[in-house]
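Asks: Got a structure for you, written out below as C-alpha coordinates; questions coming shortly.
The values are calculated or read from the model by the stated rules, or taken from the named source; none is laboratory data. Just so it is clear, the model here is predicted, and its values are computed rather than measured. Note that we place each Cβ from the backbone using ideal geometry, even for glycine, and neighbour counts take in every protein chain shown. We work out accessible area using only protein heavy atoms, side chains counted, and drop any ligands, DNA or RNA first. Shrake-Rupley method; radii C 1.70, N 1.55, O 1.52, S 1.80 Å.
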Amino acid sequence: MRILKFIIVFVITSSVYAQNVESFFKETNTFLQTYVKDGKVNYKAINNDPSKLNSILELAKNTSIDGKDANTYQAFWINAYNLSVIKGIIDVYPTKSPLDNDGFFDKKTHELAGKSITLNDIEHKLLRAKFKDPRFHFVLVCGAVGCPPLINKAYLPNTLNAQLEAQTKLAINGSFLMVNVKKKRIQASEIMKWYKEDFTMNGTTEIDFINKYRTEAVPANSKISYFPYNWTLNQQ
(Lines give C-alpha, C1' and ligand atoms only; values in the text may rest on other atoms or scores of the structure.)
Protein backbone atom coordinates (compact mmCIF):
# COMPACT_ATOMS: atom_id res chain seq x y z
CA MET A 1 0.00 0.00 0.00
CA ARG A 2 2.84 2.40 0.89
CA ILE A 3 4.50 1.69 -2.44
CA LEU A 4 1.24 2.37 -4.27
CA LYS A 5 0.78 5.66 -2.41
CA PHE A 6 4.34 6.64 -3.27
CA ILE A 7 3.76 5.85 -6.94
CA ILE A 8 0.54 7.88 -6.98
CA VAL A 9 2.21 10.85 -5.29
CA PHE A 10 5.17 10.61 -7.66
CA VAL A 11 2.93 10.51 -10.74
CA ILE A 12 0.84 13.45 -9.53
CA THR A 13 3.91 15.48 -8.60
CA SER A 14 5.60 14.72 -11.92
CA SER A 15 2.45 15.74 -13.77
CA VAL A 16 2.26 19.03 -11.89
CA TYR A 17 5.91 19.80 -12.65
CA ALA A 18 5.41 18.92 -16.32
CA GLN A 19 2.40 21.24 -16.47
CA ASN A 20 4.45 24.00 -14.84
CA VAL A 21 7.19 23.63 -17.46
CA GLU A 22 4.73 23.66 -20.35
CA SER A 23 2.92 26.66 -18.87
CA PHE A 24 6.23 28.41 -18.34
CA PHE A 25 7.22 28.03 -21.99
CA LYS A 26 3.78 29.06 -23.23
CA GLU A 27 3.51 32.13 -21.00
CA THR A 28 7.09 33.15 -21.77
CA ASN A 29 6.37 32.99 -25.48
CA THR A 30 3.29 35.21 -25.11
CA PHE A 31 5.14 37.67 -22.88
CA LEU A 32 8.09 38.07 -25.26
CA GLN A 33 5.80 38.49 -28.27
CA THR A 34 4.04 41.29 -26.40
CA TYR A 35 7.01 43.22 -25.03
CA VAL A 36 9.98 42.55 -27.35
CA LYS A 37 10.47 43.99 -30.82
CA ASP A 38 13.60 44.06 -32.98
CA GLY A 39 15.69 42.85 -30.04
CA LYS A 40 14.57 45.69 -27.76
CA VAL A 41 12.41 45.44 -24.64
CA ASN A 42 9.49 47.69 -23.72
CA TYR A 43 10.56 48.10 -20.10
CA LYS A 44 8.27 51.07 -19.60
CA ALA A 45 5.16 49.03 -20.40
CA ILE A 46 6.32 46.12 -18.25
CA ASN A 47 7.08 48.48 -15.39
CA ASN A 48 3.57 49.94 -15.65
CA ASP A 49 2.10 46.45 -15.25
CA PRO A 50 4.61 43.79 -14.12
CA SER A 51 1.90 41.24 -13.26
CA LYS A 52 2.51 39.04 -16.33
CA LEU A 53 6.25 38.91 -15.71
CA ASN A 54 5.77 38.17 -12.03
CA SER A 55 3.30 35.40 -12.85
CA ILE A 56 5.76 33.69 -15.20
CA LEU A 57 8.58 33.92 -12.68
CA GLU A 58 6.31 32.42 -10.03
CA LEU A 59 5.80 29.47 -12.39
CA ALA A 60 9.56 29.23 -12.84
CA LYS A 61 10.06 29.32 -9.08
CA ASN A 62 7.83 26.29 -8.60
CA THR A 63 9.14 24.26 -11.54
CA SER A 64 11.45 21.28 -11.08
CA ILE A 65 14.20 20.96 -13.68
CA ASP A 66 16.95 18.36 -13.93
CA GLY A 67 19.54 17.61 -16.58
CA LYS A 68 18.11 14.30 -17.80
CA ASP A 69 16.23 16.04 -20.60
CA ALA A 70 19.02 18.32 -21.83
CA ASN A 71 16.88 20.29 -24.27
CA THR A 72 14.19 21.08 -21.70
CA TYR A 73 16.85 21.93 -19.11
CA GLN A 74 18.69 24.29 -21.44
CA ALA A 75 15.56 25.93 -22.83
CA PHE A 76 14.22 26.51 -19.32
CA TRP A 77 17.40 28.13 -18.03
CA ILE A 78 17.94 30.28 -21.14
CA ASN A 79 14.42 31.67 -20.83
CA ALA A 80 14.73 31.97 -17.07
CA TYR A 81 17.95 33.95 -17.48
CA ASN A 82 16.46 36.36 -20.01
CA LEU A 83 13.30 36.90 -17.96
CA SER A 84 15.33 37.41 -14.79
CA VAL A 85 17.39 40.08 -16.51
CA ILE A 86 14.16 41.88 -17.39
CA LYS A 87 12.93 41.45 -13.82
CA GLY A 88 16.22 42.83 -12.51
CA ILE A 89 15.83 45.91 -14.70
CA ILE A 90 12.21 46.42 -13.66
CA ASP A 91 13.19 46.24 -9.99
CA VAL A 92 15.43 49.31 -10.45
CA TYR A 93 13.60 51.01 -13.32
CA PRO A 94 14.30 53.56 -14.68
CA THR A 95 17.96 52.79 -15.24
CA LYS A 96 20.36 53.46 -18.11
CA SER A 97 22.34 50.23 -17.88
CA PRO A 98 22.36 46.95 -15.93
CA LEU A 99 25.90 47.84 -14.86
CA ASP A 100 24.60 50.92 -13.06
CA ASN A 101 23.25 48.54 -10.43
CA ASP A 102 25.79 46.97 -8.11
CA GLY A 103 25.72 43.17 -8.09
CA PHE A 104 23.20 42.93 -10.92
CA PHE A 105 24.85 39.79 -12.30
CA ASP A 106 26.77 38.33 -9.37
CA LYS A 107 24.92 39.30 -6.18
CA LYS A 108 21.21 39.74 -6.85
CA THR A 109 19.47 36.38 -6.52
CA HIS A 110 16.44 35.04 -8.34
CA GLU A 111 14.14 32.27 -7.13
CA LEU A 112 14.03 29.72 -9.94
CA ALA A 113 13.35 25.98 -10.00
CA GLY A 114 13.82 25.65 -6.26
CA LYS A 115 17.12 27.57 -6.32
CA SER A 116 18.13 31.01 -5.11
CA ILE A 117 20.56 31.83 -7.85
CA THR A 118 22.38 34.71 -9.55
CA LEU A 119 22.48 35.42 -13.26
CA ASN A 120 26.17 34.57 -13.36
CA ASP A 121 25.51 31.19 -11.76
CA ILE A 122 22.86 30.37 -14.37
CA GLU A 123 25.23 31.25 -17.20
CA HIS A 124 28.50 29.89 -15.90
CA LYS A 125 27.54 26.95 -13.66
CA LEU A 126 24.25 25.62 -15.02
CA LEU A 127 24.86 26.15 -18.73
CA ARG A 128 28.44 26.85 -19.83
CA ALA A 129 30.15 24.47 -17.41
CA LYS A 130 27.65 21.69 -17.99
CA PHE A 131 27.28 21.75 -21.78
CA LYS A 132 30.37 23.49 -23.21
CA ASP A 133 28.35 25.13 -25.97
CA PRO A 134 29.58 28.55 -27.20
CA ARG A 135 26.19 29.22 -28.79
CA PHE A 136 24.83 30.13 -25.36
CA HIS A 137 26.55 33.49 -25.75
CA PHE A 138 24.13 34.37 -28.53
CA VAL A 139 20.91 33.59 -26.66
CA LEU A 140 21.64 34.77 -23.11
CA VAL A 141 20.75 38.47 -23.24
CA CYS A 142 22.21 40.68 -20.53
CA GLY A 143 19.91 43.67 -21.00
CA ALA A 144 22.39 45.79 -22.98
CA VAL A 145 22.66 46.98 -26.57
CA GLY A 146 25.96 45.12 -26.92
CA CYS A 147 24.25 41.80 -26.26
CA PRO A 148 22.93 39.67 -29.09
CA PRO A 149 19.29 40.65 -29.75
CA LEU A 150 16.54 39.18 -27.61
CA ILE A 151 14.09 37.28 -29.80
CA ASN A 152 10.37 37.75 -29.29
CA LYS A 153 9.62 34.09 -28.67
CA ALA A 154 10.53 31.48 -26.10
CA TYR A 155 13.31 28.98 -26.56
CA LEU A 156 11.58 25.60 -26.68
CA PRO A 157 12.96 22.07 -26.23
CA ASN A 158 11.88 20.82 -29.65
CA THR A 159 13.27 23.84 -31.52
CA LEU A 160 16.24 24.67 -29.30
CA ASN A 161 19.08 23.52 -31.56
CA ALA A 162 17.63 25.32 -34.57
CA GLN A 163 17.18 28.47 -32.48
CA LEU A 164 20.74 28.30 -31.15
CA GLU A 165 22.04 27.89 -34.69
CA ALA A 166 19.89 30.72 -36.06
CA GLN A 167 20.91 33.22 -33.37
CA THR A 168 24.60 32.34 -33.71
CA LYS A 169 24.46 32.82 -37.50
CA LEU A 170 22.59 36.09 -37.05
CA ALA A 171 25.26 37.41 -34.69
CA ILE A 172 28.27 36.25 -36.69
CA ASN A 173 26.84 37.74 -39.88
CA GLY A 174 25.62 40.89 -38.15
CA SER A 175 26.75 43.53 -35.68
CA PHE A 176 28.74 41.05 -33.58
CA LEU A 177 31.55 41.30 -36.16
CA MET A 178 33.00 44.06 -38.31
CA VAL A 179 34.99 42.52 -41.14
CA ASN A 180 37.50 44.05 -43.54
CA VAL A 181 38.30 41.16 -45.87
CA LYS A 182 40.83 43.11 -47.96
CA LYS A 183 42.94 44.04 -44.95
CA LYS A 184 42.25 40.68 -43.27
CA ARG A 185 41.08 42.39 -40.10
CA ILE A 186 38.17 41.47 -37.89
CA GLN A 187 36.74 43.43 -35.02
CA ALA A 188 34.59 41.28 -32.78
CA SER A 189 32.40 41.85 -29.76
CA GLU A 190 34.32 41.66 -26.49
CA ILE A 191 32.28 38.52 -25.79
CA MET A 192 34.85 36.68 -27.90
CA LYS A 193 37.64 38.16 -25.80
CA TRP A 194 36.03 37.46 -22.42
CA TYR A 195 35.11 33.88 -23.31
CA LYS A 196 37.87 32.99 -25.75
CA GLU A 197 38.12 29.50 -24.27
CA ASP A 198 34.54 28.80 -25.38
CA PHE A 199 35.31 29.70 -28.99
CA THR A 200 38.58 27.77 -29.17
CA MET A 201 37.59 24.41 -27.76
CA ASN A 202 38.93 21.15 -29.19
CA GLY A 203 41.87 22.79 -30.90
CA THR A 204 39.83 25.17 -33.04
CA THR A 205 40.57 28.87 -33.50
CA GLU A 206 38.30 31.89 -33.27
CA ILE A 207 38.43 32.11 -37.06
CA ASP A 208 37.33 28.46 -37.32
CA PHE A 209 34.31 29.25 -35.18
CA ILE A 210 33.50 32.39 -37.14
CA ASN A 211 33.73 30.63 -40.49
CA LYS A 212 31.46 27.83 -39.32
CA TYR A 213 28.65 30.37 -39.22
CA ARG A 214 29.71 33.09 -41.67
CA THR A 215 27.88 33.30 -44.98
CA GLU A 216 31.14 34.50 -46.55
CA ALA A 217 34.23 33.00 -44.94
CA VAL A 218 36.99 35.27 -43.69
CA PRO A 219 40.68 34.53 -44.40
CA ALA A 220 42.17 32.04 -41.95
CA ASN A 221 45.05 34.42 -41.19
CA SER A 222 42.81 37.37 -40.32
CA LYS A 223 43.78 39.42 -37.29
CA ILE A 224 41.19 39.83 -34.56
CA SER A 225 40.71 42.82 -32.30
CA TYR A 226 37.72 43.67 -30.12
CA PHE A 227 35.44 46.70 -30.01
CA PRO A 228 34.12 48.05 -26.69
CA TYR A 229 30.95 46.49 -25.32
CA ASN A 230 27.92 48.78 -25.33
CA TRP A 231 26.27 48.46 -21.91
CA THR A 232 23.42 50.90 -22.70
CA LEU A 233 20.02 49.43 -21.80
CA ASN A 234 18.37 47.54 -24.69
CA GLN A 235 15.20 49.57 -24.37
CA GLN A 236 12.57 50.31 -27.00
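Asks: From largest to smallest, what semi-axes in whole angstrom does the range 51-124 give when each is the square root of 5 times an eigenvalue of its alpha carbon gyration tensor? Provide the component values of the computation, followed by the final result.
Replies: Numbers: eigenvalues 98, 38, 19 Å².
Those come to 22, 14, 10 Å.
Asks: Here is the link list: Lys61/Lys125; Lys96/Lys193; Lys130/Lys212; Lys37/Lys87; Lys44/Lys108; Lys44/Lys212. Which ones come out longer than 27 Å on Cα distance?
Replies: Details: Lys61/Lys125 18 Å; Lys96/Lys193 24 Å; Lys130/Lys212 23 Å; Lys37/Lys87 17 Å; Lys44/Lys108 21 Å; Lys44/Lys212 38 Å.
Table pairs above 27 Å Cα-Cα are Lys44/Lys212.
Asks: Here's something else I'd like to know. Loop only per DSSP, at most 10 neighbouring Cβ atoms within 10 Å: give me the GluC sites (Glu not before Pro) in the range 130-236, ordered by residue number. Don't skip to the answer; put the middle values down first.
Replies: On the way: sites: Glu165, Glu190, Glu197, Glu206, Glu216; in loops: Glu190, Glu216.
Sparse-neighbourhood loop GluC sites (Glu not before Pro): Glu216.
Asks: What number comes out for accessible area per residue over the chain if the probe is 1.4 Å? Units Å², please. Walk me through the numbers before you get to the answer.
Replies: Working: 12510 Å² over 236 residues.
Using a 1.4 Å probe on heavy atoms only, each residue of the chain averages 53 Å².
Asks: Using only alpha carbon pairs under 8 Å that are at least six residues apart, calculate the relative contact order of the chain and give it in whole percent. Don't skip to the answer; put the middle values down first.
Replies: Values: 314 pairs, mean separation 54.9, N = 236.
The normalised contact order for the chain reaches 23 percent.
Asks: Take the chain, connect every pair of alpha-carbon atoms lying under 10 Å apart with a spring to form a Gaussian network, then pick out the residue of Lys212, Lys87, Lys169 with the largest mean-square fluctuation.
Replies: Lys212
Asks: In addition: If Lys and Arg each add +1 and Asp and Glu each add -1, what is the summed charge of the other residues whose beta carbon sits under 11 Å from the beta carbon of Thr159?
Replies: Working: positive: Lys153; negative: Glu165.
Taking every Cβ under 11 Å from that of Thr159, the sum is 0.
Asks: Another one. At a probe size of 1.4 Å, how large is the accessible area of Thr159, to the nearest 10 Å²?
Replies: 50
Asks: While we're on this one: Placing unit charges on C-beta atoms (Lys and Arg positive, Asp and Glu negative, everything else neutral), compute the dipole magnitude of the chain about its Cα centre in debye, rounded to 20. Please list the in-between numbers first.
Replies: Numbers: 30 positive and 22 negative charges, 92 e Å.
Result for the chain is approximately 440 debye, rounded to the nearest 20.
Asks: Determine the dipole magnitude for the range 171-236: charges of +1 sit on the beta-carbon of Lys and Arg, -1 on that of Asp and Glu, nothing else is charged, the reference point is the Cα centre, and the result goes in debye to the nearest 20. Walk me through the numbers on the way to the answer.
Replies: Values: 9 positive and 6 negative charges, 74 e Å.
The calculation lands at about 360 debye.
Asks: Could you work out the local net charge near Arg128, counting Lys and Arg as +1, Asp and Glu as -1, over the other residues with Cβ closer than 15 Å to its Cβ? Mind dumping the intermediate values first?
Replies: On the way: positive: Lys125, Lys130, Lys132, Arg135, Lys196; negative: Asp106, Asp121, Glu123, Asp133, Glu197, Asp198.
Computed value for this residue: -1.
Asks: Just report the Cα centroid separation between the range 120-135 and the range 70-108, whole Å.
Replies: 15
Asks: For the chain, find the longest principal axis of its Cα atoms and tell me its angle to the long axis of helix 70-91, 0 to 90°, nearest 10.
Replies: Here the helix axis deviates by roughly 80 degrees.
Asks: For the chain, what % of the accessible area comes from carbon and sulfur atoms, probe 1.4 Å? Intermediate results must be reported in sequence, preceding the final value.
Replies: Details: 6410 of 12510 Å².
Accessible surface attributable to carbon and sulfur in the chain totals 51 percent.
Asks: List the aspartates and glutamates whose Cα sits under 12 Å from the Cα of Lys196, skipping any in the same chain fewer than 8 residues away.
Replies: List returned: Glu206.
Asks: Okay, moving on. What distance in nm separates the simple spin-label points at Thr159 and Lys26, each placed 7 Å from Cα in the Cβ direction?
Replies: 1.6
Asks: Which lysines, if any, have their Cα less than 16 Å from the Cα of Lys182, not counting same-chain residues under 8 positions apart?
Replies: Output for Lys182: Lys223.
Asks: Now for a different question. With both bridge residues required to lie in the range 94-232, what share of the DSSP beta bridges run antiparallel, to the nearest 5%?
Replies: On the way: 8 of 13 bridges.
That works out to approximately 60 percent antiparallel.
Asks: Explain nothing, just the number: dipole magnitude of the range 98-228 about its Cα centre with +1 on each Lys and Arg Cβ and -1 on each Asp and Glu Cβ, in debye rounded to the nearest 20. Each step should come with its number before you reach the end.
Replies: Working: 19 positive and 14 negative charges, 97 e Å.
That gives the range 98-228 a dipole magnitude of about 460 debye.
Asks: Just check the range 140-193 against the gyration tensor rule for me: Cα atoms, a ≥ b ≥ c as the square roots of the eigenvalues, rounded for a/c under 1.5, and otherwise prolate or oblate depending on whether a/b exceeds b/c. Spell out each step's value before the answer.
Replies: Details: a/c = 3.10, a/b = 1.86, b/c = 1.66.
It comes out prolate by the Cα gyration axes.
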